[in-house]
Amino acid sequence: MPDPSETTLRNATIAVLVENEAGILARVVGLFSGRGYNIESLTVASVDADRRLSRITIVTSGTDMVIEQIKAQLDRLVPVHKVSDLTLEGPHIAREMALIKVVGRGEHRMEALRLADAFRARVVDATTESFVFEMTGAGEKLDAFIGLMQPIGLAEVSRTGVVAIARGPGGLQS
Amino acid sequence: MSATLQTKTEARTMNGAEIVLQALKDNGVEVIFGYPGGAVLPLYDALFQQNAIRHILVRHEQAAVHAAEGYARSTGKVGVVLVTSGPGATNAVTGLVDALMDSIPVICLTGQVPTHLIGNDAFQEADTTGITRPATKHNYLVKDIAKLAGVVHEAFYVAKSGRPGPVVIDLPKDILIGKGPYSEAPQAAHRSYRPQTAPDMGQIRAAVRLLKGAKRPVVYAGGGVINSGPEASRLLTEFVRLTNMPCTNTLMGLGAYPSEDRQFLGMLGMHGTYEANLTMHGCDVMLNVGARFDDRVTGRLNAFSPNSKKIHADIDPSSINKNVKVDVAIVGDAGATLAALIECWHAEEMPQDKAAIDAWWRSIDGWRRNECLQYRQEGSIIKPQHAVKRLYELTQETGRETYITTEVGQHQMWAAQYFGFQKPNRWMTSGGLGTMGYGLPAAMGVQIAHPDALVIDIAGEASILMNIQEMGTLAQYRLPVKIFILNNEYMGMVRQWQELLHGSRYSESYSQSLPDFVKLAESFHATGMRVTEASQLDDAIREMLAHPGPVIADIAVAKDENCFPMIPSGAAHNEMILAPGQQGGVAGVTDEGKVLV
C-alpha cells in the first residue's frame with residue numbers, strides 16, 4: 001500500500017470555473033485555510049460576457065494525495081462548474097504581471113532602464129527620481145528582474161499572481 | 001393579504017414569508033422545528049395563518065437542528081429548521097456541523113436584519129452566511145425577492161442530492177415582508193452541482209474480479225448505505241449473503257445489515273468487536289460501501305489492514321483516497337453500486353474460492369469465541385452493559401417498532417455494542433461531531449415523525465443535561481420519549497481516557513451536584529424513575545416501556561466500568577485492549593498516540 005504519509009511535494013496550478021456569486025471566493029479560501037492547504041497565489045476575475053462565470057487560478061503545493069483532495073474538495077462546492085489541474089493535464093501557459101517601482105538617480109537610472117530593456121519591461125510611469133516598470137511573464141522571470149532591481153533602488157512591487165490556460169484547442173469553458 | 005397556501009401554483013405574487021412556506025409545502029414539508037424572534041416574525045405570522053405545515057416549538061435552537069436531524073434520519077426526508085437572526089443562528093451552528101459531519105439533509109431558515117442594515121452591527125445581527133459557510137454543505141443569503149422561491153427549491157436539491165448535508169437560507173426581514181413572484185421548482189438540471197450517482201461499470205467489474213478471487217474478504221458498510229434509502233440496506237444484505245462474506249458496520253451504518261445475522265461481525269473501530277477488527281486487519285480484499293475510513297475506524301493508518309486490496313464505493317469523490325489509498329474507486333450511490341455489484345457478480349464466470357472462504361470463517365469463528373462483549377453481572381450494582389442488553393431484550397419483547405437515539409460517550413458505545421438493529425433508520429447517534437446533548441432533541445424529531453413508535457434516548461447523566469430544557473418540548477407535544485440514563489456520576493469516556501492515558505487523574509470529569517432526575521422529570525410533567533439495584537432493573541424497564549408518556553429512567557450503574565474492546569489512540573486493529581480477564585495484547589500508548597483524540 002502506498003504510504004499516505006509520503007512527503008514528496010509537487011506544485012500544482014489549478015484552474016476553477018465558478019458561478020460569479022457573492023461569497024464564492026470566501027468559500028474557496030475558507031476551504032484552503034480550514035483544511036490546511038497551501039495557497040501560493042490566487043487570482044480571480046469574471047471571464048464571460050454576461051459576467052455569470054468567474055475563473056480562479058490557484059497555485060498550490062502538496063503531496064499527490066493532498067492535491068487530489070484539493071481538487072475533489074473544490075469540485076464538490078455547489079457553485080463550482082469545473083476544476084482542472086493544469087500542471088497534470090498537459091502543457092499550459094502561466095503568466096503573471098508585476099508593477100515594479102524603482103527609485104534612484106544618475107547611473108542607477110540608466111542601469112535600471114538597460115535591464116528593463118533586456119527583460120522587455122515597459123516604463124509606465126517616470127519622474128526624475130523614479131520609474132514604474134510593467135512586466136509580464138513567467139513567475140521566475142519576474143523574480144529575476146525584481147532581484148536585479150534590488151541593489152539599484154527597488155522601492156515597491158505589486159504582482160497579480162499567476163493566471164494560466166491550457167495550450168491547444170481544449171479548455172475549461174469548451 | 002391572503003396567506004392561504006394553494007396547491008396549484010401559477011405565476012402569482014406573495015410576500016416573502018408566504019413564498020417560503022409555499023416552497024416548503026411544494027417540497028413535501030409537513031413539520032418544521034423552530035424558535036421565533038424579531039427577524040422571523042413575518043414567517044411566524046404566515047405560519048399562524050395556515051395549517052399545512054406544523055411547527056414544533058423547541059426550547060433552544062441547537063435542539064431544533066438535532067430534532068430535524070432525528071426526523072430526517074428516521075424518515076429519509078429533509079428536516080427543516082426555522083430560527084431567528086443573531087443568537088438564533090449562532091445557537092444552531094453546533095447542530096449544523098453535526099449534520100454536516102454525519103451527512104444529514106437539513107434546511108435551516110435563519111432570520112436576518114433587513115438588507116439595508118446588514119453590516120451595520122444592528123441588533124441581533126450576525127454574519128450568518130460567513131459563520132455557517134464551513135458549517136454547511138452550502139448556504140444562501142437572499143437579497144432579491146425575485147430569487148427567493150428558486151433559492152428554497154435549490155436548497156432542497158442541494159441538501160438531499162449527492163452526499164446529503166445541511167443548507168442555510170439567510171432571510172433578511174425586508175425580503176420576508178416584500179412582495180414577489182412565486183415560481184415552482186425548476187425542471188432543468190442544476191447549473192453546476194450534478195453529483196454522479198451511477199457507478200462506472202468498468203470499476204464495478206474490476207471490483208467483482210477482486211472480490212471473486214478473494215480468500216479472506218470483508219464488507220465494511222457505513223452511513224452511506226443508510227442515506228441511500230432502505231433499498232440499499234436490502235441490497236447490502238442480498239450481496240453479503242450471496243457472496244458468503246463477513247460484514248461489519250460503522251457506527252453510522254448500524255442497521256444497514258441485520259445485527260442478528262450469522263454473517264454480521266458487529267461494529268468495527270475503536271470500540272468495535274474483536275472479530276470485526278481482526279477481520280479488517282487480516283482480510284485480503286476489503287469492500288467499503290458508504291463509509292469514509294474515519295480515524296475512529298482505521299486506528300493507526302500505516303498499520304490499517306496492511307495486506308488487503310481495497311475497494312471504496314462512495315458518492316463523495318473527496319472521501320476516496322483521503323485517508324486510505326484504495327485500489328478500486330467507485331463513485332456513486334450506495335444502492336446503485338450494490339445493485340450493480342450483484343448483477344456483475346452473477347455475470348462474472350470466475351468461481352469463488354469457497355474452500356478459502358470456509359477457512360476464513362473458521363478463523364473468524366475462532367475470534368468470535370473470545371466473546372469480547374462478555375461482561376459479568378454479579379451482585380446488586382448494575383453493569384451498564386447489562387442495562388443496555390436488558391433494554392434491548394425487553395424492547396424486543398414488546399414487538400413494537402423501536403428507534404434509538406443516544407448522547408455521546410461510554411453509554412453511546414455500549415448502546416452501539418449491545419443494542420441490536422435489524423433495519424436501517426432505527427439508530428440515531430452523533431457520529432462525526434460527537435455532540436453531547438444530541439440524543440434528547442433527536443428523539444423528539446423521531447417521535448414527531450413516528451408518533452406510535454417506541455423512541456428511546458440512551459443517555460449519560462452528563463450529556464443529558466446539555467439539552468435538558470427539551471423536556472418542556474416533550475411535555476408540550478405529549479411526546480412519549482423514554483430517556484434511559486446510564487448514570488455513573490462521571491463523564492465516563494473522559495474518565496476512562498484519564499484512567500488509561502493520564503494516570504487516573506480524574507480532572508473535572510466527576511458529575512458533581514447532579515439534579516434529582518425523578519423530581520426533574522416531574523417538574524416537566526413527565527414520569528421519573530430511579531433504579532439502583534440490579535434486581536429492580538427488568539421491572540423498571542418494563543414499566544418505562546409500558547408507560548404512555550415521557551419517562552426519565554435514572555439507572556445508577558457501576559461508576560468505574562470501562563468500555564471495551566478499545567483500540568487505544570495511535571494503535572492498530574490487532575493491538576486492541578480487551579476487558580480485564582480476556583485474552584489479547586495490551587498495547588502501551590505512546591506520547592504520539594496521546595496527541596490523537
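The values are calculated or read from the model by the stated rules, or taken from the named source; none is laboratory data. Just so you know, these numbers come straight off a predicted model, no measurement behind them. Reconstructed Cβ throughout: ideal geometry from the backbone, glycine too, with neighbour counts over all protein chains shown.
Test of understanding: among A:Lys101, A:Lys71, which residue is in contact (Cβ under 8 Å) with a residue 12 or more places away in the chain and either closer than 27 Å to B:Ile169 by Cβ or within 9 Å of chain B (Cβ to nearest Cβ) (or both)? Criteria check complete, one pass: A:Lys71. Pairing each residue of region B:371-398 that is within 18 Å of B:Ile577 (Cβ to Cβ) with any residue that is of a type in the set (Lys, Arg), provided the two are 6+ apart or on different chains, yields C-beta distances under 7 Å for B:Tyr375/B:Lys383. Screening region B:43-77 for residues that are of a type in the set (Val, Ile, Thr) and not in a helix (DSSP H, G or I) and picking the one that is surrounded by the fewest Cβ atoms within 10 Å (Cβ to Cβ) gives B:Ile53. Every test in (1) within 14 Å of chain A (Cβ to nearest Cβ); (2) surrounded by fewer than 22 Cβ atoms within 10 Å (Cβ to Cβ) is passed by B:Arg292 save one, and that test is (2).
Taking the criterion of being buried (at least 24 other Cβ atoms within 10 Å of the Cβ), within 14 Å of chain A (Cβ to nearest Cβ) and of a type in the set (Ser, Thr, Tyr), the residues of region B:80-133 that qualify are B:Ser103, B:Thr128, B:Thr132. Counting only residues that are farther than 15 Å from B:Ala221 by Cβ and assigned to a helix (DSSP H, G or I), region B:280-297 holds 4 of them. For region B:334-370, the set of residues classified as without any contact (Cβ under 8 Å) to a residue 24 or more places away in the chain and within 30 Å of B:Pro580 (Cβ to Cβ) consists of B:Arg362, B:Asp365, B:Gly366, B:Arg369, listed by residue number. The residues of region B:171-197 that are within 14 Å of chain A (Cβ to nearest Cβ) and either closer than 24 Å to B:Gly16 by Cα or in contact (Cβ under 8 Å) with a residue 12 or more places away in the chain (or both), listed by number, are B:Pro172, B:His190, B:Tyr193, B:Pro195, B:Gln196, B:Thr197. Could we say that B:Val297 is more than 25 Å from B:Gln582 (Cβ to Cβ), more than 14 Å from chain A (Cβ to nearest Cβ) and crowded, with 23+ Cβ neighbours inside 10 Å here? The answer is no for B:Val297. Just give me the residues in region A:122-162 being assigned to a strand (DSSP E or B) and either assigned by TED's automatic domain parsing to the domain that holds A:Val16 or out of contact with any strand residue (DSSP E or B) (no Cβ under 8 Å at 6 or more places or on another chain) (or both), in sequence order. Result: A:Thr127, single match. Of the residues making up region B:143-160, those that are more than 10 Å from chain A (Cβ to nearest Cβ) and either surrounded by fewer than 23 Cβ atoms within 10 Å (Cβ to Cβ) or free of Cβ contacts under 8 Å to residues at least 24 places away in the same chain (or both) are B:Asp144, B:Ile145, B:Ala146, B:Lys147, B:Gly150, B:Val151, B:His153, B:Phe156, B:Lys160. Evaluate the following for A:Ala45: is it more than 11 Å from chain B (Cβ to nearest Cβ), without any contact (Cβ under 8 Å) to a residue 12 or more places away in the chain, surrounded by fewer than 14 Cβ atoms within 10 Å (Cβ to Cβ) and not in a helix (DSSP H, G or I)? Yes. Among the criteria (1) under 18 Å from B:Ala72 (Cβ atoms); (2) in contact with a Ser or Thr (Cβ under 8 Å, 6 or more places away or on another chain), the one B:Pro451 does not fulfil is (2). From the list B:Val208, B:Val240, B:Val218, B:Val168, the lone residue that is within 14 Å of chain A (Cβ to nearest Cβ) and either under 30 Å from B:Pro114 (Cα atoms) or more than 22 Å from the chain's Cα centre (by Cα) (or both) is B:Val168. Put simply, of A:Leu88, A:Leu115, A:Leu31 the only residue that is assigned to a helix (DSSP H, G or I), more than 25 Å from B:Pro134 (Cβ to Cβ) and either more than 14 Å from every other protein chain (Cβ to nearest Cβ) or out of contact with any Ser or Thr (no Cβ under 8 Å at 6 or more places or on another chain) (or both) is A:Leu115.
To keep it simple, each residue is scored yes or no on (1) among the hydrophobic types (A, V, I, L, M, F, W, C); (2) within 14 Å of chain A (Cβ to nearest Cβ); (3) not in a helix (DSSP H, G or I).
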{"residue": "B:Gly272", "(1), (2), (3)": "no, no, yes"}
{"residue": "B:Leu278", "(1), (2), (3)": "yes, no, no"}
{"residue": "B:His312", "(1), (2), (3)": "no, yes, yes"}
{"residue": "B:Ala356", "(1), (2), (3)": "yes, no, no"}
{"residue": "B:Ile364", "(1), (2), (3)": "yes, no, no"}
{"residue": "B:Asn370", "(1), (2), (3)": "no, no, yes"}
{"residue": "B:Gln377", "(1), (2), (3)": "no, no, yes"}
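To keep it simple, each residue is scored yes or no on (1) closer than 27 Å to A:Glu134 by Cβ; (2) within 14 Å of another protein chain (Cβ to nearest Cβ); (3) of a type in the set (Phe, Trp, Tyr); (4) in contact (Cβ under 8 Å) with a residue 60 or more places away in the chain.
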{"residue": "A:Leu9", "(1), (2), (3), (4)": "no, no, no, no"}
{"residue": "A:Glu19", "(1), (2), (3), (4)": "no, yes, no, yes"}
{"residue": "A:Ala26", "(1), (2), (3), (4)": "no, yes, no, no"}
{"residue": "A:Asp50", "(1), (2), (3), (4)": "no, yes, no, no"}
{"residue": "A:Gly62", "(1), (2), (3), (4)": "no, yes, no, no"}
{"residue": "A:Val78", "(1), (2), (3), (4)": "no, yes, no, no"}
{"residue": "A:Ile93", "(1), (2), (3), (4)": "yes, no, no, yes"}
